[in-house]
1. Can you tell me which residue in segment 103-116 is most open to solvent (accessible area, probe 1.4 Å), limited to those that are in a strand (DSSP E or B) and not aliphatic (A, V, I, L, M)?
2. Regarding P100, is this residue part of a loop (DSSP other than H, G, I, E, B), touching a helix residue (DSSP H, G or I) at 6+ places or on another chain (Cβ under 6 Å), over 15 Å from H13 (Cβ atoms) and not aromatic (F, W, Y)?
3. Among the residues of segment 76-91, how many are open to solvent by 30 Å² or more (accessible area, probe 1.4 Å) and either within 28 Å of G137 (Cβ to Cβ) or outside any strand (DSSP E or B) (or both)?
Amino acid sequence: MTPDLATPVIDTHVILRDGDKVLLSQRGGPYGHGRWHMPSGKLDRGEPLSVGAAREPREETGVTVDPRHLRLVHTVHHHQGGGIERIGFFFEATEWTGEPENREPEKCLRLQWFTVHDLPEDIIEYPEAGLLGYLEGDQSLTEHGWS
């Protein structure tokens, strides 16, 4: 008997830091409306992980990140429900250029810098798990939503 293989959606999340501040965006679409997360999105078929991760901040904020300046800092295996699994790769941009601006006003209400010591309470749970995993630095993998 052949096992039923997992077919997770692959997501990239990019942490843009300025000292002790991280850039978050407030969602404007139906999923998580009004809640916070970092620049993120799904990996396109045939796209290298680092290239997909570098694409997201450019599309969402206008910030340019060279894929070579992304450091993998955490991974989240997320059970979304409804038979959907996601694997989120969380990267820190070690260098980037440009001034962040809201490039997707139909999907994003606003961008805002938050100190890592005073994050908003209403971060979407899945990206929050990756962000906290990165900030706490005590593990490299979080399994979220499985129990």
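The values are calculated or read from the model by the stated rules, or taken from the named source; none is laboratory data. The structure presented is a predicted model; accordingly, all values stated were derived computationally and were not measured. Cβ atoms come from the backbone with ideal geometry, glycine included; neighbour counts cover every protein chain shown. To get the accessible areas, we keep the full protein, side chains included, count just its heavy atoms, and leave off ligands, DNA and RNA. Shrake-Rupley method; radii C 1.70, N 1.55, O 1.52, S 1.80 Å.
1. If we take residues in segment 103-116 being in a strand (DSSP E or B) and not aliphatic (A, V, I, L, M), then R110 is most open to solvent (accessible area, probe 1.4 Å).
2. Answer is yes for this residue.
3. 9
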